[in-house]
Amino acid sequence: MDEKVKTATIRAHVFVSGRVQGVSFRWYTQRKAQELGVTGWVRNLWDGQVEAIFEGNEKAVDNAVKWCHIGPPSAQVDNVDVTYETPSGEFSGFRITW
């Protein structure tokens with residue numbers, strides 16, 4: 001595989017549904033993103049979902065998305081919708097937002 005392909009910057013916009021609020025999903029997501037070196041944000045939505053944007057190298061973002069399918073120990077993930085978007089480079093880190 002070409003090195004440029006392996007290290008390409010990508011952006012994933014993720015919506016996670018199930019028992020994902022009240023279980024520290026955002027906190028664990030932030031820790032995982034920081035561990036992976038991914039930038040972006042995570043937040044709770046009014047309808048009970050968690051929304052996140054992950055931006056970084058392809059492997060790290062893919063691992064962050066895979067983690068969302070599992071979540072923290074007390075979560076019950078029912079569905080993860082992922083849309084890949086054009087990376088913006090706007091983030092300097094990963095944060096929990098409102």
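In the set (1) in contact (Cβ under 8 Å) with a residue 60 or more places away in the chain; (2) in contact with a helix residue (DSSP H, G or I) (Cβ under 7 Å, 6 or more places away or on another chain), the condition left unmet by Y84 is number (2).
Would you confirm, using the coordinates I've provided, whether E55 is in contact with a Leu (Cβ under 8 Å, 6 or more places away or on another chain) and either among the acidic types (D, E) or in a strand (DSSP E or B) (or both)? The answer is no for E55. If the condition is being more than 20 Å from D78 (Cα to Cα), outside any strand (DSSP E or B) and out of contact with any helix residue (DSSP H, G or I) (no Cβ under 7 Å at 6 or more places or on another chain), then the stretch 34-45 contributes Q34, E35. For the stretch 8-64, the candidate set comprises residues that are closer than 18 Å to S92 by Cβ and of a type in the set (F, W, Y); within that set, the residue that is surrounded by the fewest Cβ atoms within 10 Å (Cβ to Cβ) is W41. The residue pairs whose first member lies in the stretch 16-33 and is farther than 14 Å from I96 by Cα and in a loop (DSSP other than H, G, I, E, B), whose second member is hydrophobic (A, V, I, L, M, F, W, C) and modelled with pLDDT of 95 or more, and whose beta carbons are closer than 8 Å, counting only pairs six or more residues apart or on different chains, are V20/V50; V20/A75; V20/V77; V23/A75. Taking into account only those residues within the stretch 67-86 that are part of a strand (DSSP E or B) and among the hydrophobic types (A, V, I, L, M, F, W, C), which is surrounded by the fewest Cβ atoms within 10 Å (Cβ to Cβ)? Among residues in the stretch 67-86 that are part of a strand (DSSP E or B) and among the hydrophobic types (A, V, I, L, M, F, W, C), the one surrounded by the fewest Cβ atoms within 10 Å (Cβ to Cβ) is V82. Taking the listed residues G89, G48, the one that is out of contact with any Phe, Trp or Tyr (no Cβ under 9 Å at 6 or more places or on another chain) and either in a strand (DSSP E or B) or modelled with pLDDT of 95 or more (or both) is G48, with no other qualifying.
The values are calculated or read from the model by the stated rules, or taken from the named source; none is laboratory data. Predicted model, so just to flag it, every value in this text is computed and none were measured. Positions of Cβ are backbone-derived with ideal geometry, glycine not excepted, and every protein chain shown enters the neighbour counts.
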